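The values are calculated or read from the model by the stated rules, or taken from the named source; none is laboratory data. For clarity, every value in this text was computed on a predicted model and none was experimentally measured. Cβ atoms come from the backbone with ideal geometry, glycine included; neighbour counts cover every protein chain shown.
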Amino acid sequence: MKLSGWIKSFLVWLCFIPAAILNGGLREHVLAGAVGEQWALPLSGIILSACIFLITWLLLPRAVKAISAKDSLRVGICWVSLTIAFEFVSGLAGGSTITELLAAYNPLTGNLWLLVLAATLLSPAAVRKITGRRHH
C-alpha cells in the first residue's frame with residue numbers, strides 16, 4: 001500500500017474518536033439510566049464495536065481503493081496500536097492511573113474493551129473480504 005493509503009487509513013481511524021466519545025456519552029446519559037450501570041458498560045462495548053465496523057465499512061473502501069490481505073491486517077494492527085496509545089495518553093492526561101486504565105482489559109468487570117480492540121483489529125480485513133476489495 002502506498003503512503004497515501006496509510007494516511008487515508010489513519011484519517012478513517014480518526015473517525016473512531018468522536019464515535020467513542022459519543023458512545024461514552026450515550027452510556028453515561030442514556031444506557032445507565034435505561035438498563036443500569038451493570039449492563040451499560042458491556043452494551044456500550046458492543047455498540048462501539050459495531051460503530052467501528054460500520055465506520056470501516058463506510059469509509060475504508062472509499063479511502064483505499066485496493067488493499068491486500070496483508071495490508072488490511074497491517075492497518076488493523078496500526079489502528080489497535082493507535083487506539084491503545086490514545087487511550088493511555090488521554091487517560092493519563094485526564095488523571096487516570098495505569099491501574100485504572102488496565103482494569104478496562106478485564107472482561108470480568110463487564111468492560112468489553114477487548115471486544116472493541118478485536119473489532120478495531122479485524123474490521124479492515126473483514127470489510128476487505130465482504131466488499132471484495134482486492135490488491136490489484
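Mind checking which residues of the range 1-43 are basic (Lys, Arg) and within 20 Å of ALA119 (Cβ to Cβ)? Let's see the steps before the verdict.
Just the residues of the range 1-43 that are basic (Lys, Arg), to begin with: 2, 8, 27.
Within the range 1-43, LYS8, ARG27 meet the criteria.
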*asked:* Checking LEU101 against (1) closer than 30 Å to TRP6 by Cα; (2) among the aliphatic types (A, V, I, L, M); (3) touching a residue at least 60 places away in the same chain (Cβ under 8 Å): exactly one of these is not met. Which one?
replied: (3)
_The one condition in (1) in contact (Cβ under 8 Å) with a residue 40 or more places away in the chain; (2) in contact with a Cys (Cβ under 9 Å, 6 or more places away or on another chain) that ALA19 fails to fulfil_ = (1)
_Can you tell me which of (1) over 23 Å from GLY24 (Cβ atoms); (2) in contact (Cβ under 8 Å) with a residue 12 or more places away in the chain is the one THR83 doesn't meet?_
(1)
*Restricting attention to the range 43-77, report how many residues are out of contact with any helix residue (DSSP H, G or I) (no Cβ under 8 Å at 6 or more places or on another chain) and at pLDDT below 95.*
4
